1. Report yes if Lys122 is basic (Lys, Arg) and in the same structural domain as Phe39 (by TED's automatic domain parsing), otherwise no.
2. Scan region 170-179 and give yes if some residue there is among the charged types (D, E, K, R), out of contact with any strand residue (DSSP E or B) (no Cβ under 8 Å at 6 or more places or on another chain) and over 24 Å from Leu69 (Cβ atoms), otherwise no.
3. Please work out if Lys101 is surrounded by 13 or more Cβ atoms within 10 Å (Cβ to Cβ), basic (Lys, Arg) and within 21 Å of Tyr13 (Cβ to Cβ).
4. When region 181-195 is examined, which residues are found to be without any contact (Cβ under 8 Å) to a residue 24 or more places away in the chain and under 24 Å from Ser107 (Cβ atoms)?
5. Restricting region 128-158 to residues that are free of Cβ contacts under 8 Å to residues at least 60 places away in the same chain and part of a helix (DSSP H, G or I), which is surrounded by the fewest Cβ atoms within 10 Å (Cβ to Cβ)?
6. Do we have Ile79 as touching a residue at least 12 places away in the same chain (Cβ under 8 Å), under 24 Å from Ile141 (Cβ atoms) and touching a helix residue (DSSP H, G or I) at 6+ places or on another chain (Cβ under 9 Å) here?
7. Which members of region 97-121 meet the condition of being within 13 Å of the chain's Cα centre (by Cα) and of a type outside the set (Ser, Thr, Tyr)?
8. Of the residues Trp106, Trp20, which single one is touching a Gly at 6+ places or on another chain (Cβ under 9 Å), modelled with pLDDT of 95 or more and within 17 Å of Thr158 (Cα to Cα)?
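The values are calculated or read from the model by the stated rules, or taken from the named source; none is laboratory data. Just so you know, these numbers come straight off a predicted model, no measurement behind them. FYI the Cβ positions are ideal-geometry reconstructions off the backbone, even for glycines, and counts take in every protein chain you see.
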Amino acid sequence: MVSRRAGQIIEEYEIIEQIWQGSTSGVYLAKATDINPKFGSYVAIKILNTRRSRLRDSAHIAQFKRQALIGMELDHPNIVKVYKLFHNDELGIIMEYVAGKSMRQWSMEKTFTLQEVLEIFKAMLSALDHLEQHKIVHKDIKPENILISSDMQKIKLTDFGYAIRKSFFTWDRFPYAGTERYMAPERRTGVATFKSDIYSLGKIIEEYLAKCGSDIPGYVITILKNCIDPNPNNRYQHASLAYKDLEFLTEYHRKKDALRHHF
């Protein structure tokens, strides 16, 4: 996507093109100008659009800074790495660049197989487990925020724009922010928990499994039901438990099928 920012230098990276444009910020692909780049040859740079009057609101600026600080403390193979928050003439974030597309974009070009959907499920459960360990609730788990490389080797969660850190003094500036389609019932009352994120992921997986055209194994359906129960008390209490169930049962049925075919 051609951008008026093409050629602009930010923190020793030159903007090449625009990757994405949202209502409050834009994301750009940038190439290192230094022979020994600090963050790799290519990065993604997210810049807050403060020219719009409503974005001069300190709440939006504070939340943008918060998402950068949250991202910088996370280090997980299924979460986009945030390298740096900069505040020069503009406010922005330097992030890991994932050469691929969002889950939503891929779905417009192809139909995911059952195996691919389950790989995405496992990767995101692992990411949610890491967030829980850091007491972070993402609040906007959706296909647009899951980046996938063309070879499926990289599956990464991104965009912590509405994320909060759970603590005794948690103050959520945007308690109702998120994507209605994937929002847990309790989110509509302003409540966001780790189990709310599990619900959102479960709704995504349910949606894409319905499109893959394969017979869905019973154990996958059971795991999904335990992710998307309307009552949070009936859901998996931790993403790690869903991950372990999915990993164990997938391997168990794989070996079972292999034995059946062998004999």
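1. no
2. Within region 170-179 (the criterion being among the charged types (D, E, K, R), out of contact with any strand residue (DSSP E or B) (no Cβ under 8 Å at 6 or more places or on another chain) and over 24 Å from Leu69 (Cβ atoms)), the answer is no, since none of the residues qualifies.
3. Details: surrounded by 13 or more Cβ atoms within 10 Å (Cβ to Cβ): yes; basic (Lys, Arg): yes; within 21 Å of Tyr13 (Cβ to Cβ): no.
Considered against the rule, which asks whether it is surrounded by 13 or more Cβ atoms within 10 Å (Cβ to Cβ), basic (Lys, Arg) and within 21 Å of Tyr13 (Cβ to Cβ), Lys101 comes out as no.
4. Let us first name the residues in region 181-195 that are without any contact (Cβ under 8 Å) to a residue 24 or more places away in the chain, namely 183, 188-191.
The one that is without any contact (Cβ under 8 Å) to a residue 24 or more places away in the chain and under 24 Å from Ser107 (Cβ atoms): Met183.
5. Gln133
6. Spelling it out, Ile79 is indeed touching a residue at least 12 places away in the same chain (Cβ under 8 Å), under 24 Å from Ile141 (Cβ atoms) and touching a helix residue (DSSP H, G or I) at 6+ places or on another chain (Cβ under 9 Å).
7. Answer for region 97-121, where residues must be within 13 Å of the chain's Cα centre (by Cα) and of a type outside the set (Ser, Thr, Tyr): Val98, Lys101, Met103, Arg104, Ile120, Phe121.
8. Answer to the selection: Trp106.
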